[in-house]
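The values are calculated or read from the model by the stated rules, or taken from the named source; none is laboratory data. Bear in mind that the values here come from a model prediction, so they are computed numbers and not experimental data. We place every Cβ from the backbone using ideal geometry, glycine too, and count neighbours over all the protein chains shown. Ligands, DNA and RNA are excluded from the accessible area calculation, which covers all protein heavy atoms including side chains. Shrake-Rupley method; radii C 1.70, N 1.55, O 1.52, S 1.80 Å.
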There are 6 protein chains.
Amino acid sequence: MSPFVEQFFEDYEIGTARLTTGRTLTETDVVLHAGQTGDFYPHHMDREWCATQPFGRRLAHGTLVLSVAVGMTAGMVNPRAMSYGYDRIRFVRPVFIDDTITVTAEIVAKHDHPKAPERLGRVDERLSVENQDGEIVLVLVHLYVVDKRVAGGADLSTRRDGASEEQP
Amino acid sequence: MSPFVEQFFEDYEIGTARLTTGRTLTETDVVLHAGQTGDFYPHHMDREWCATQPFGRRLAHGTLVLSVAVGMTAGMVNPRAMSYGYDRIRFVRPVFIDDTITVTAEIVAKHDHPKAPERLGRVDERLSVENQDGEIVLVLVHLYVVDKRVAGGADLSTRRDGASEEQP
Amino acid sequence: MSPFVEQFFEDYEIGTARLTTGRTLTETDVVLHAGQTGDFYPHHMDREWCATQPFGRRLAHGTLVLSVAVGMTAGMVNPRAMSYGYDRIRFVRPVFIDDTITVTAEIVAKHDHPKAPERLGRVDERLSVENQDGEIVLVLVHLYVVDKRVAGGADLSTRRDGASEEQP
Amino acid sequence: MSPFVEQFFEDYEIGTARLTTGRTLTETDVVLHAGQTGDFYPHHMDREWCATQPFGRRLAHGTLVLSVAVGMTAGMVNPRAMSYGYDRIRFVRPVFIDDTITVTAEIVAKHDHPKAPERLGRVDERLSVENQDGEIVLVLVHLYVVDKRVAGGADLSTRRDGASEEQP
Amino acid sequence: MSPFVEQFFEDYEIGTARLTTGRTLTETDVVLHAGQTGDFYPHHMDREWCATQPFGRRLAHGTLVLSVAVGMTAGMVNPRAMSYGYDRIRFVRPVFIDDTITVTAEIVAKHDHPKAPERLGRVDERLSVENQDGEIVLVLVHLYVVDKRVAGGADLSTRRDGASEEQP
Amino acid sequence: MSPFVEQFFEDYEIGTARLTTGRTLTETDVVLHAGQTGDFYPHHMDREWCATQPFGRRLAHGTLVLSVAVGMTAGMVNPRAMSYGYDRIRFVRPVFIDDTITVTAEIVAKHDHPKAPERLGRVDERLSVENQDGEIVLVLVHLYVVDKRVAGGADLSTRRDGASEEQP
């Protein structure tokens, strides 16, 4: 009856895919995201100016589309995994106010973690975000660090600091 | 007196850096971000459970730190540039509620755009996000597509679709 | 000149009714309520999917209509009354984004409180929520515990715990 | 791979229970709920006045605890069920800012729907909301109208209007 | 039973005063106001920097204190009055996060409206905003245009444009 | 590379003007402002009632237009200046949901500060807010207290209290 579902590195299978329900990115979402980030660029906030531009309408912020898309893939809580980063985020097409997005998430790769290969792995999940016309608007790879089963009792708090090969 | 500042590809110089003011990531930011994204994981929302975990306190969402950090670098409006994507986003250290972040943004690379090298370039800006203790918590590279001066009148709306080499 | 208006159990009269001003339930309200509750069901958030359903449009959450309707009846502050619960909440008709609701609140019953009949009473206020077409969309009974005049100095903090006949 | 999970009346079993993760009801939640409902009573908004009262601290709105608790039980999307109302909502104990709640939801009753017993049923789910000290703070029964299997293609849009026995 | 209370120019009396309940200006209010206005100055948003400044703590935005104080005086709806402007707004003392304000509103002057003295008047209401220590933090005069009784059916929509003596 | 730009009293020049980008005042802004201030008057919140009024549509709150307009003029952080108050705020024309405003800010006056003329000055900046049709909707004068160069190290925290000639 627990809301937590333990899933170890060994339990992830390449090719497993999930599809989310849809979500309309409303004017409210854009205004709230401007308010959260401080990005009040006229591309998002000024419908008069947008009407004079080639794209014609107000655009959703890239970080809004990204944040919502990632959030849409949050499901059961796996205490064995932690988000580590993203690779190759590409805003392939613009997303406008009132577009509706859905996300397909697919496990595309599994690696040993270079710093602790015996107890940690990295799982890569590819997110493809489509609009209501079936066009891909955003792609990215979401990186997770996941406990290996043998290391079930590992201290999660040390993981990120151990990832120093990623530091500048 | 215009709020727009035109800056062409040729005007960006590798090594130019900017430093933002600081911003505290409050409980409010985390609650609003959960509300925007739908990610109500106990890592962010349940202070009792967090107190039982190795990290001990509520964590800011990765997409919150990312969105705010990118927003903090939004300054003058350059109608010649458009955000294109991000590379190698790494959450190097956790960010907790009430941590204060500042961002350093530095131009680190310039390339011709592979699909339209005569009229478009790509400018890479590296963001390094530090907490109040001077520790780096997030790094990423922000990718811009920027008009070349010779192509001053180009239709911006065609840019993203032209970026098809990035598509899956 | 005080904003508090003391009203004891004896001061409530069955049949007294109040009518609120109207309030439009906007897309913003629905998005904010999803964000507050974590309920991102497509019934509320996905206008493409809603268009394929019999109801055709995005629905306001039941708890949104309820919360706003109850809030619309909050007027002067009566330090002698405290909200105790609700009975028979029924979502009689759907409420869509951009519907405008008004609330009629009528005192419909008064009882002694079973656990402390000499110093506390229960006042039942029926709320009827109508949309802009005069159709009832929600009904409920709001239950208050109210001091009796003889017990003017009672300690309010003990009331809820004293209501143990309601506990499971 | 669909996010929708069809569950008919016949599929619900009395005694089945779910437990949610926890959620801290923050100052932010209270301020946002005041803003959504218009209830700015000093019980929720004025910490100086609250400090002079028996309960001593700012209280979460009843409708906030209710809305969040119901939202916390929203999981997979069942297109065969629709929320119909609530019975016997009781605020058993006060909830203060920074209290953390968890919800247990248990199927407690199944009935034929009186207006359309051959194609619709009513499923009652009891919600018990506990705080971090294991004390019950809110109980309620959530009422769903659910398609029977034989009536799989029924038009959901007619349901609420058909529930006229609930009208005043 | 109407929520509207008609009050004509002749009904306002100099010296009439109202006192509001209190409201704590929370961190949430400041973060939301930054998000609404786009003012993310470190005076409001960066608690590390504030700690190095003479005032030591994060300040509420002036426009936040003003907006909330004016909103706290909104009571019954008078369809005969419309807000016209403010005079001599002075932020007398800083307001910090977690300060609690109350507002005293007093009618201090009545004039004929210069452009339509036979049918419109101007009513001046002085607002004094105090913090929890009884110190005045903000004063202003709120200006209303109010129908005279003789002109009960006047078209409100023409009022503001008629106020051209105030234009630059 | 600092985000702070020191500007002393002597550096401000009468006649210097700035123009902001535009911002559309959305339904979201109005709903959020009602939520922040507690002003749920039907002029802003009830589109059915508004449709029966001479102005015909929902109006933005005066304090919303004011707060956003002032926020739109917030640019570089000048640690030598602090907002002191506003004079002659006039809502010249109504602002409706979906109107787009731009702000022109012009330095119009400089004075010695009466309480500390040797070390402080007052700078007056006039804000003119236009809608998408080029009509002025709001004017005001924003008052700043600014350090004089000779007093570069003055303690900013004492300024507001020193402004006692403004107190009631």
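Would you call F:ASP98 out of contact with any Asp or Glu (no Cβ under 9 Å at 6 or more places or on another chain), under 20 Å from C:ASP29 (Cα atoms) and charged (D, E, K, R)?
Numbers: out of contact with any Asp or Glu (no Cβ under 9 Å at 6 or more places or on another chain): no; under 20 Å from C:ASP29 (Cα atoms): yes; charged (D, E, K, R): yes.
Judged against the criteria, F:ASP98 is not a match.
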Residue count for the stretch F:74-97, restricted to those that are crowded, with 17+ Cβ neighbours inside 10 Å and either among the acidic types (Asp, Glu) or at pLDDT 95 or above (or both): 11
Residues (facing another protein chain (nearest Cβ under 7 Å) and either buried (at least 21 other Cβ atoms within 10 Å of the Cβ) or under 30 Å from F:THR37 (Cα atoms) (or both)) located in the stretch D:1-31: D:THR20, D:GLY22, D:ARG23, D:THR24, D:THR26, D:GLU27, D:THR28, D:ASP29, D:VAL31
Close pairs from the stretch C:15-36: first touching a residue at least 12 places away in the same chain (Cβ under 8 Å), partner assigned to a helix (DSSP H, G or I) and of a type in the set (Lys, Arg), Cβ under 7 Å, at least 6 apart: C:THR24/F:ARG47
Residues located in the stretch D:101-128, provided they are away from chain B (no Cβ under 14 Å) and either under 30 Å from B:CYS50 (Cβ atoms) or small (Gly, Ala, Ser) (or both): D:THR104, D:ALA105, D:GLU106, D:ALA109, D:ALA116, D:GLY121, D:GLU125, D:ARG126, D:LEU127, D:SER128
The stretch C:1-30, subset out of contact with any strand residue (DSSP E or B) (no Cβ under 6 Å at 6 or more places or on another chain) and in a helix (DSSP H, G or I), residue nearest to D:PRO79 (Cα to Cα): C:VAL30
Meets criteria (over 21 Å from the mean Cα position of the chain (by Cα) and of a type in the set (S, T, N, Q)) for B:THR52: yes
When residues of the stretch C:129-156 are limited to those that are within 7 Å of another protein chain (Cβ to nearest Cβ) and surrounded by 13 or more Cβ atoms within 10 Å (Cβ to Cβ), the one modelled with the lowest pLDDT: C:LEU156
Selection within the stretch A:37-73 - facing chain B (nearest Cβ under 7 Å) and open to solvent by less than 30 Å² (accessible area, probe 1.4 Å): A:THR37, A:GLY38, A:ASP39, A:PRO42, A:PHE55, A:GLY62, A:THR63, A:LEU66, A:SER67, A:VAL68, A:VAL70, A:GLY71
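May I ask you to list the residues in the stretch C:53-83 that are among the aliphatic types (A, V, I, L, M) and not in a loop (DSSP other than H, G, I, E, B)? Walk me through how you get there before you give the answer.
Residues of the stretch C:53-83 among the aliphatic types (A, V, I, L, M): C:59-60, C:64-66, C:68-70, C:72, C:74, C:76-77, C:81-82.
C:LEU59, C:LEU64, C:VAL65, C:LEU66, C:VAL68, C:ALA69, C:VAL70, C:MET72, C:VAL77, C:ALA81, C:MET82, listed by residue number.
Hey, can you tell me all the residues within the stretch D:31-52 that are among the hydrophobic types (A, V, I, L, M, F, W, C) and in a helix (DSSP H, G or I)? Working first, answer last.
Step one: list which residues in the stretch D:31-52 are among the hydrophobic types (A, V, I, L, M, F, W, C), which gives D:31-32, D:34, D:40, D:45, D:49-51.
Within the stretch D:31-52, D:VAL31, D:LEU32, D:ALA34, D:MET45, D:TRP49, D:CYS50, D:ALA51 qualify.
Can you tell me which residue is farthest from D:VAL65 (Cα to Cα) among those in the stretch D:98-108 that are of a type outside the set (Val, Ile, Thr) and open to solvent by 20 Å² or more (accessible area, probe 1.4 Å)? Show your work before the answer.
Keep residues of the stretch D:98-108 that are of a type outside the set (Val, Ile, Thr), which gives D:98-99, D:105-106.
Okay, now just the ones that are also open to solvent by 20 Å² or more (accessible area, probe 1.4 Å), so D:98, D:106.
Details: D:ASP98: 12, D:GLU106: 18 Å.
Looking at residues that are of a type outside the set (Val, Ile, Thr) and open to solvent by 20 Å² or more (accessible area, probe 1.4 Å), I get D:GLU106.
Please pick out the residue among C:THR26, C:THR21, C:THR73 that is of a type in the set (Val, Ile, Thr), touching a helix residue (DSSP H, G or I) at 6+ places or on another chain (Cβ under 6 Å) and under 23 Å from D:VAL70 (Cα atoms). If you could, list the steps in order and put the result at the bottom.
Details: C:THR21 fails: under 23 Å from D:VAL70 (Cα atoms); C:THR73 fails: touching a helix residue (DSSP H, G or I) at 6+ places or on another chain (Cβ under 6 Å).
Within the list C:THR26, C:THR21, C:THR73, the selection yields C:THR26.
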Meets criteria (buried (at least 23 other Cβ atoms within 10 Å of the Cβ) and more than 14 Å from chain F (Cβ to nearest Cβ)) for D:ALA34: no
